[in-house]
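The values are calculated or read from the model by the stated rules, or taken from the named source; none is laboratory data. Bear in mind that the values here come from a model prediction, so they are computed numbers and not experimental data. Positions of Cβ are generated from backbone atoms using ideal geometry, with glycine treated the same way; all protein chains shown enter the neighbour counts.
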Amino acid sequence: MSDPRRNPDVPIEERSDGLLSRMTREEKVGQLNHLRLRRVPVSGLEDAAREGRCGAVTVPSGRAGHLNDLQRVAVEESRLGVPLLYGADVIHGHRTIFPIPLAQAASWDPEVVQKAAACAACEAAADGIRWTFTPMMDIARDPRWGRIAESFGEDPNLASRMAEAAVCGYQGEDLTAPDRILACAKHYAGYGAAEGGRDYNTAEITDNTLRNVYLEPFRAAVAAGVGSVMAAFQEIGGLPVHASRYMLTEILKQEWGFDGFVISDAFAVEELISHGVAADRREAAGLSFRAGVDNDLWAECFADFVGELVESGEVGEERLDDAVRRILRAKFRLGLFENPYTDAERYEQVVLCEEHRAAARRAAVRSMVLLNNDGRLLPLSRELSSLAVLGPMADDLHGLMGCWNLAGRAEDVVGLVDALREALPDANVRTSGAQTDVMQAHARRANVVLFALGENNCRSGENNCVTTLELPAGQMQMVESVAALGKPTVAVVFGGRPLALGRLEELCDAVLFAWHPGTEAGHAVVDVLLGEVNPGGKLPVTFPRSVGQVPIHYNCKRTGRANNPGAGIYLDSPTEPLHPFGYGLSYAAFEYTDLRVSEECIPPDGSVEVSVEVRNVGERSGEEVVQCYVRDCVASTARPERELKGFRRVRLDAGEAKRVHFTLGEDELAFYGADGARRVEPGRFFVWVGGDSRAVLQGEFTVE
Ligand code: BGC
């Protein structure tokens, strides 16, 4: 333990300074370089590791043994023995796939997100991965954008709470623990505002909206101690984020005090050339490195040019030291110098273990949103003797995992038909291929028809954007033809984005939105259909009626004609969405009464307690997400109609009532004004509490 690099008792700053002082410029630049392991053998990478030309490697899954071999080269054969940092896109589970992040947000339960992250971290770490490129916390208001699936939805407050939970779940209290990994807040920032919902596209975001909306989850993640941040591909106001010193250095590192490191997105340093702000790779490297990117993902521009740029004085040596210190700090925090290798034996013990499967099932169940149950057909009776399960998602095991499932395997996934047969062993569960006449024949013989509809996993995620929110081709025709038989019908819709389901809801007695639930998909859906668990998920994003309403979100600013119900409408469609943000039904029903506000008047640094009584007026126990919204009535800049400022998921037995409390203080009431400063402004505030963003129970108070 005399070597301070490997002595955990020496403070991290001292260890990294000591190491830095011994590094040549080439070795420093090597730490900025992030390569990719795509295949084995890895001889090119071994040379890079041996010569200190690489600090981090993106890895495929299932390679712990190979990763140890490569690590051994870095640790034992390079001059200073700096271990490599292995990263991967472990987005919603590793081998045990959890619901997509948008679904997890629909649980409105940060514990679901934290647990999902912890299970993923445990499995990924056992696979040799010590860094994940997640959580993604881009605010997404446009369901055409395929990456909405990876987001926590449209609301800064909900996304911030989920982002904090994810960071905690991945990193834990102690990053040196063998089941914890470094998290990465991405994509900083504004990526979700891509014009036209097309991936990588320009985002026109004012500073006011950037600060009050898009940056909020990142600010929360930094406060929660996230170890790395990934820059966003797109540009804002003419400057790609990868070249924005304002975004990466002034706000992130200086204003927020972020002491982790910034990684570029894939090849994005080099892409500054395509953006048209750099003439060549050298210029791109200089722009991006000076702006604040520390780790160059795959483009090798830093490796090729940062040394030269420092030599020529175009970049200061202290900027190089700062970037390297940030990366070394992460490696020390992870305990990589003491424990660079992975115990490959652990993998088989932890993956798909009972605990992780149970957590995935619970997460999936808690994330499902009951959109419609007008016919009160759900929950289904266990006495059903026959059921027809129709539609493309009935047996699409791979599709149920959702986007990003690198280590996931279709054969691990529990499908809907198998889960139904397991739960209803005496019922005749018939399923069919795509032929409508066979479907009709099955439907005729069934007590209940269950449609399994929606999007395959390849229809959302990166670069999978669409111009229609209707169900994929053919699905509605199939539903129409079967619904004509007049049987009781339930639709379970899987998907990575809000879909325009108005017609489906008219045709079916019940519609359950199940997102992409992951490995335990079938079990979770059946738990909800049979009422084993009462659904309690709520929409983390507005569901429009049609793509023509997009972009649409509840927390829009008030217009000059906000008080005129005839103004700002569509002529050819209702203006209201199909389902508002925060919406979701239960097999129980909840009533809100007696909203109380503790103070009429508070100082700007004071707080007020808001409470409400929530009663379960249904016949079975259930969970309700109680939501608190605020409007700042008069402020120096226009403020949203209402903004979510607190939520609690509470369990209530039939007939039971609980008083649910929220505290509204500076954190909830402040906003960034025109001068870029965050403060609470005096004046009147309205507050609403209810079960979705249309909550009507209202109170008010004043800040003086
Ligand atoms: C995506 C990132 C991802 C990276 C590495 C990029 O194309 O935008 O979210 O982490 O690839 O796979």
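Among the residues of the range 619-639, is there at least one that is out of contact with any Ser or Thr (no Cβ under 6 Å at 6 or more places or on another chain), free of Cβ contacts under 8 Å to residues at least 40 places away in the same chain and closer than 27 Å to Gly531 by Cα? Checked the range 619-639: at least one residue is out of contact with any Ser or Thr (no Cβ under 6 Å at 6 or more places or on another chain), free of Cβ contacts under 8 Å to residues at least 40 places away in the same chain and closer than 27 Å to Gly531 by Cα. For Ala360, the conditions (1) part of a helix (DSSP H, G or I); (2) under 28 Å from Arg649 (Cα atoms); (3) among the small types (Gly, Ala, Ser); (4) over 20 Å from the mean Cα position of the chain (by Cα) all hold with the exception of (4).
Considering the range 393-422 alone, what residues qualify as being over 25 Å from the mean Cα position of the chain (by Cα) and at pLDDT below 95? Within the range 393-422, Ala394, Asp395 qualify.
The residue pairs whose first member lies in the range 477-493 and is among the hydroxyl-bearing types (Ser, Thr, Tyr), whose second member is modelled with pLDDT under 95 and in a loop (DSSP other than H, G, I, E, B), and whose beta carbons are closer than 9 Å, counting only pairs six or more residues apart or on different chains, are Thr489/Gly375. Of all residues in the range 515-533, those that are more than 19 Å from Gly584 (Cβ to Cβ) have Cβ atoms under 9 Å from Cβ atoms of residues that are in a loop (DSSP other than H, G, I, E, B) and basic (Lys, Arg), 6 or more apart or on another chain, in Thr519/Arg95; Thr519/Arg409.
Within the option set Arg545, Arg558, being under 25 Å from Pro143 (Cα atoms) and modelled with pLDDT under 95 holds for one residue only, Arg558. Each residue in the range 219-265 was checked for being surrounded by fewer than 19 Cβ atoms within 10 Å (Cβ to Cβ) and not hydroxyl-bearing (Ser, Thr, Tyr), and 13 of them qualify. Please determine whether any residue of the range 443-452 is of a type outside the set (Asp, Glu), surrounded by 14 or more Cβ atoms within 10 Å (Cβ to Cβ), more than 28 Å from the chain's Cα centre (by Cα) and within 21 Å of Ser367 (Cβ to Cβ). The answer is yes, given that some residue of the range 443-452 is of a type outside the set (Asp, Glu), surrounded by 14 or more Cβ atoms within 10 Å (Cβ to Cβ), more than 28 Å from the chain's Cα centre (by Cα) and within 21 Å of Ser367 (Cβ to Cβ). Total residues in the range 266-280 satisfying the condition of being among the charged types (D, E, K, R) and either surrounded by fewer than 18 Cβ atoms within 10 Å (Cβ to Cβ) or not in a loop (DSSP other than H, G, I, E, B) (or both): the figure is 1. Checking each residue in the range 691-704 for being touching a Gly at 6+ places or on another chain (Cβ under 8 Å) and part of a strand (DSSP E or B) picks out Leu697, Thr702, Val703.
Within the range 556-568, identify whether any single residue is surrounded by 20 or more Cβ atoms within 10 Å (Cβ to Cβ), in a loop (DSSP other than H, G, I, E, B) and either within 20 Å of the chain's Cα centre (by Cα) or small (Gly, Ala, Ser) (or both), and answer yes or no. Taking every residue of the range 556-568 in turn, none turns out to be surrounded by 20 or more Cβ atoms within 10 Å (Cβ to Cβ), in a loop (DSSP other than H, G, I, E, B) and either within 20 Å of the chain's Cα centre (by Cα) or small (Gly, Ala, Ser) (or both).
The sole residue among Gly655, Gly673 that is at pLDDT 95 or above, over 15 Å from Thr593 (Cα atoms) and either out of contact with any Asp or Glu (no Cβ under 6 Å at 6 or more places or on another chain) or surrounded by 20 or more Cβ atoms within 10 Å (Cβ to Cβ) (or both) is Gly673. Before we move on, is Arg631 assigned to a strand (DSSP E or B) and either over 30 Å from Leu469 (Cβ atoms) or at pLDDT below 95 (or both)? Here the answer is no, as Arg631 does not meet what is asked. For Val315, the test of being β-branched (Val, Ile, Thr), farther than 25 Å from Asp89 by Cβ and free of Cβ contacts under 8 Å to residues at least 40 places away in the same chain is passed. Evaluated against (1) in contact (Cβ under 8 Å) with a residue 24 or more places away in the chain; (2) closer than 20 Å to Gly153 by Cβ; (3) polar (S, T, N, Q), Thr209 falls short on exactly one condition, (1). The number of residues in the range 630-674 that are among the β-branched types (Val, Ile, Thr) and under 20 Å from Ala562 (Cβ atoms) comes to 3.
Inside the range 124-158, residues that are within 16 Å of the ligand (Cβ to nearest atom), of a type in the set (Gly, Ala, Ser) and farther than 30 Å from Glu338 by Cβ make up a count of 4. Go through the residues of the range 239-261 one by one and say whether even a single one is of a type in the set (S, T, N, Q) and in contact with a Cys (Cβ under 6 Å, 6 or more places away or on another chain). No, the range 239-261 contains no residue that is of a type in the set (S, T, N, Q) and in contact with a Cys (Cβ under 6 Å, 6 or more places away or on another chain). Taking the criterion of being in contact with a Ser or Thr (Cβ under 8 Å, 6 or more places away or on another chain) and away from the ligand (no atom under 16 Å from the Cβ), the residues of the range 283-297 that qualify are Ala291, Gly292.
Checking each residue in the range 159-187 for being within 16 Å of the ligand (Cβ to nearest atom), free of Cβ contacts under 8 Å to residues at least 60 places away in the same chain and outside any helix (DSSP H, G or I) picks out only Ala185. Just one residue in the set Ala117, Ala106 is at pLDDT 95 or above, within 16 Å of the ligand (Cβ to nearest atom) and closer than 22 Å to Arg161 by Cβ; that residue is Ala117. Here the range 189-241 is the region considered, the condition is being basic (Lys, Arg) and either more than 20 Å from the chain's Cα centre (by Cα) or assigned to a helix (DSSP H, G or I) (or both), and the residue that is nearest to the ligand (Cβ to nearest atom) is Arg219. Within the range 40-67, being surrounded by fewer than 20 Cβ atoms within 10 Å (Cβ to Cβ), away from the ligand (no atom under 16 Å from the Cβ) and either at pLDDT below 90 or assigned to a loop (DSSP other than H, G, I, E, B) (or both) holds for Val40, Pro41, Ser43, Gly44, Glu51, Arg53, Gly62, Gly65, His66.
Restricting attention to the range 77-101 and to residues that are surrounded by 23 or more Cβ atoms within 10 Å (Cβ to Cβ) and away from the ligand (no atom under 16 Å from the Cβ), the residue that is farthest from the chain's Cα centre (by Cα) turns out to be Val82.
Each residue in the range 648-704 was checked for being free of Cβ contacts under 8 Å to residues at least 24 places away in the same chain and closer than 15 Å to Val630 by Cα, and 3 of them qualify. State all residues of the range 278-298 that are under 15 Å from Ile263 (Cα atoms), among the acidic types (Asp, Glu) and more than 29 Å from the chain's Cα centre (by Cα); if no residue qualifies, say none. Result: no residue meets the conditions.
If I go through the range 424-448 residue by residue, how many of them are out of contact with any strand residue (DSSP E or B) (no Cβ under 8 Å at 6 or more places or on another chain) and not acidic (Asp, Glu)?
Residues flagged as out of contact with any strand residue (DSSP E or B) (no Cβ under 8 Å at 6 or more places or on another chain) and not acidic (Asp, Glu) within the range 424-448 amount to 9.
Summed over the range 261-282, residues that are more than 16 Å from the ligand (Cβ to nearest atom) and either of a type in the set (Phe, Trp, Tyr) or out of contact with any helix residue (DSSP H, G or I) (no Cβ under 6 Å at 6 or more places or on another chain) (or both) total 3.
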